[in-house]
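The block underneath contains the structure these notes are about, expressed in C-alpha cells.
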Amino acid sequence: MPDTCILILLDGLGDRSHPVLGNRTPLQAAATPCMDRLASLSATGLYHAASFGQPLPSENAHFAMFGGLPGEFPGRGALEALGAGIDLGPDDVALLAHFAHIAPDARGRLTLVHDKSPATPGETETLFTALPPFERDGVTATLHPVGGLFGVLVLRGEVSPFVTDTNPMVDGRTLPRPLPLRDHAHDPAARRTAEFLTAYLSRAHRILADLPLNRERERSGHIPANGLVTQRAGRLKPCPALRERYGLRGLSIATGVMYAGLARFTGMEFLKARDTGDAGADLADRVRLALERADDFDFIHVHTKTPDQAAHRKDPEAKVHVIESLDRGLAEVADDILADSRLLLAVTADHSTPSSGALIHSGEPVPLMFAGEGVRRDTTSAFDEISVAGGALGCMRGREFMFTVLNHLDRARLAGIHDTPDPVEYWPGDHLPFILDPQE
C-alpha cells in the first residue's frame, strides 16, 4: 500500500463555461492527454474546501485541505508575516497592505483609482522608506515589504484583528472606512484598531501624495502610488501541527510568501520553488523534487499558481494554454509516480478562478482524482469539472480530503479507538507502552 501522498495542486484550475470556448471551461477545452490518462486510472470526483457557491481564497482552501479547522485559521495577514520571516507576538495583528493609486472626492471620500500601480524596485524602496514606524495612543504600526508593492502591516499594542478591510479591490469604488466587525462593535481593542488605522492610512496618503516620486509620476502622466490599502487582518492562534493531528510529516513545494507561512503554521517544511515562465517545465521540476524527498515525508504538497494567474487576466484562451503546458509537464513525470507502489497521487485545485466576469474567485467545486495501489478505479476517462462529476469519489468537502489521504495510506483511525489520550485522527497513535506492574 502507498505510504506517501504527493498532492499536485493546480491553483485556480476550476472555471466557468465561456462562449469563446464553445460553452466549455478552459479545462474542458484544453488538450490534456496526460491528465485524462491519469483520470482513467483513478477514483475521480469534485472537491470544495467549504460549501458549494462559496468563493474561497487560496489560504482558506489550502488550510481546509491540510485538515485545519475553521476556528484555527489565523488570517492571511498572519500567514504572510510568517512566510516573510516577520516575528509576530501572540497579541500582534498583521494585515496585508499594498500601495495603490487613490484620490479624494470633494467630500474627502477616498476612491480606489488603480488597485495596482506599476513601480520599479528603486521606486518601491522609496515608497516603503517614506512610511517609517508610527506610534499613537499606545499602538505602533510597522510596514514590512514582502515583494514588489506588497507588504505586511504589523500592529502592536492593545489591538484586534476584527476590523474591516480598506481595499475595495475594484477600481472606481470608494475605500471602506476602518470599522470593527459587527460582533466586535463594542470591543475596545477593535474600536481602537479601527481608529488607529484611520489615522495611520490618512497620514500615509498625505505623505505619499507629497512624495517627489509621486509628484513626478503625475506630471509625466504615470500612475502614482499615493496610498496604502489594507485587508485580511489576522493574529496567530494555537493550531496542532500536521504531524500531531494526522501523523504525517509534511513538505510544501511552492512559490509565494503565503505558502511559506502556511507551511510554517501547519508544521510542514517548506521548499521554495522557482518560476522560469514555463509552467509545465516548472511543474515537472517540482514533482521531481517531491519524488526525491518521498522517503523523508508522508505528505508532499506540489503547487503551481499559473492557472489562477492566467484566469485573473480574464482571458479564457490564455488559461487553456497554461493548462496544456501543465499537462505536458505532468506527462514528463507521471510514469515515475505510477511506477512507484509506495506513492499515492492526488491531483486537484484549491478553488475555481473564473476567466471572465467580476468575481476574483468563484464558488464552483473543482475536479479531483486519486491514483495508487488499492484506490478504486471508476469509468471516468477525462479530467475536467463535468467528466469527474459522476466519479467514485462523489463530492468531497473540507477535511474529507485529508481523511481520504489517511484512508489510502492505511492510517485512518477507526471511530471509537483510543490507543492514545491525544485527540488524533491517525492510527496507530503514538502511545506510551504498557509496562507490567511488578506488584501484581
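The values are calculated or read from the model by the stated rules, or taken from the named source; none is laboratory data. Computed from a predicted structure; not experimentally measured. All Cβ positions, glycine included, derive from the backbone under ideal geometry; neighbour counts span all protein chains shown. Surface accessibility is based on the protein's heavy atoms, side chains included, excluding ligands, DNA and RNA. Shrake-Rupley method; radii C 1.70, N 1.55, O 1.52, S 1.80 Å.
Within segment 12-42, can you find the residues that are charged (D, E, K, R) and either part of a loop (DSSP other than H, G, I, E, B) or touching a strand residue (DSSP E or B) at 6+ places or on another chain (Cβ under 6 Å) (or both)? Even if it seems obvious, please write down each step before you answer.
Of the residues in segment 12-42, the ones charged (D, E, K, R) are 15-16, 24, 36-37.
Result: Asp15, Arg16.
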| So which residues in segment 376-400 are out of contact with any Gly (no Cβ under 7 Å at 6 or more places or on another chain), more than 18 Å from Ile337 (Cβ to Cβ) and either surrounded by 21 or more Cβ atoms within 10 Å (Cβ to Cβ) or β-branched (Val, Ile, Thr) (or both)? | Thr379, Asp384, Ile386
| query | Within segment 81-114, which residues are over 20 Å from Leu201 (Cα atoms) and among the charged types (D, E, K, R)? | reply | Asp87, Asp91
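Which residues, counting only those in segment 103-138, are hydrophobic (A, V, I, L, M, F, W, C) and part of a strand (DSSP E or B)? Can you show your working first?
Initial filter on segment 103-138 (hydrophobic (A, V, I, L, M, F, W, C)): 103, 106, 110, 112-113, 119, 127-128, 130-131, 134.
Of everything in segment 103-138, those that are hydrophobic (A, V, I, L, M, F, W, C) and part of a strand (DSSP E or B) turn out to be Ala103, Leu110, Leu112, Val113, Phe134.
If you check Gly71 against the conditions, is it more than 23 Å from Ala130 (Cα to Cα), touching a Lys or Arg at 6+ places or on another chain (Cβ under 9 Å) and among the small types (Gly, Ala, Ser)?
Numbers: more than 23 Å from Ala130 (Cα to Cα): yes; touching a Lys or Arg at 6+ places or on another chain (Cβ under 9 Å): yes; among the small types (Gly, Ala, Ser): yes.
Taking the combined requirement at face value, the residue satisfies it.
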| field | Complete set of residues in segment 1-57 that are open to solvent by 10 Å² or more (accessible area, probe 1.4 Å), closer than 22 Å to Leu409 by Cβ and not aliphatic (A, V, I, L, M) | value | Asp3
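Select from segment 84-97 the residues that are surrounded by fewer than 24 Cβ atoms within 10 Å (Cβ to Cβ) and either in contact (Cβ under 8 Å) with a residue 12 or more places away in the chain or of a type in the set (S, T, N, Q) (or both) and list them in ascending order.
Within segment 84-97, the subset surrounded by fewer than 24 Cβ atoms within 10 Å (Cβ to Cβ) is 84-92.
If the condition is that a residue be surrounded by fewer than 24 Cβ atoms within 10 Å (Cβ to Cβ) and either in contact (Cβ under 8 Å) with a residue 12 or more places away in the chain or of a type in the set (S, T, N, Q) (or both), then Ala84, Ile86, Leu88, Gly89, Pro90, Asp91, Asp92 are the ones that fit.
Specify which of the listed residues (Gly45, Gly77) is in contact with a Gly (Cβ under 8 Å, 6 or more places away or on another chain), assigned to a strand (DSSP E or B) and not aromatic (Phe, Trp, Tyr).
Result: Gly45 is the single residue among Gly45, Gly77 that is in contact with a Gly (Cβ under 8 Å, 6 or more places away or on another chain), assigned to a strand (DSSP E or B) and not aromatic (Phe, Trp, Tyr).
Hey, can you tell me all the residues within segment 300-322 that are assigned to a helix (DSSP H, G or I) and basic (Lys, Arg)? Steps first, please.
We begin by selecting, within segment 300-322, every residue assigned to a helix (DSSP H, G or I); these are 306-312, 316-322.
Residue satisfying the conditions is Lys319 alone.
Hand me the list of helices (runs of 4 or more DSSP H) wholly inside segment 194-299 holding 2 or more residues that are more than 30 Å from His408 (Cα to Cα).
On the way: elements: 212-219, 242-246, 257-265, 279-292.
Qualifying helices (runs of 4 or more DSSP H): 212-219.
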| task | Of the conditions (1) closer than 30 Å to Arg243 by Cβ; (2) surrounded by 12 or more Cβ atoms within 10 Å (Cβ to Cβ); (3) in contact with a Phe, Trp or Tyr (Cβ under 8 Å, 6 or more places away or on another chain), Glu373 clears all except one; give me its number. | result | (3)
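The rows are residues; the columns are (1) within 26 Å of Leu9 (Cβ to Cβ); (2) at pLDDT 95 or above; (3) out of contact with any Gly (no Cβ under 6 Å at 6 or more places or on another chain).
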site	(1), (2), (3)
Ser220	no, no, yes
Gly227	no, yes, yes
Gly234	yes, yes, no
Pro240	yes, yes, yes
Ala263	yes, yes, yes
Leu271	yes, yes, yes
Ala279	yes, yes, yes
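Conditions tested, residue by residue: (1) open to solvent by less than 20 Å² (accessible area, probe 1.4 Å); (2) closer than 30 Å to Ala358 by Cα; (3) in contact with a strand residue (DSSP E or B) (Cβ under 6 Å, 6 or more places away or on another chain).
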| position | (1), (2), (3) |
| --- | --- |
| Met169 | no, yes, no |
| Pro176 | no, yes, no |
| Ala185 | no, no, no |
| Ala190 | yes, no, yes |
| Ala204 | yes, yes, yes |
| Ala209 | no, yes, no |
| His222 | no, yes, no |
| said: I need the full set of residues from segment 264-306 which are within 24 Å of Glu80 (Cβ to Cβ) and acidic (Asp, Glu), in order please. | reply: Glu269, Asp275, Asp282
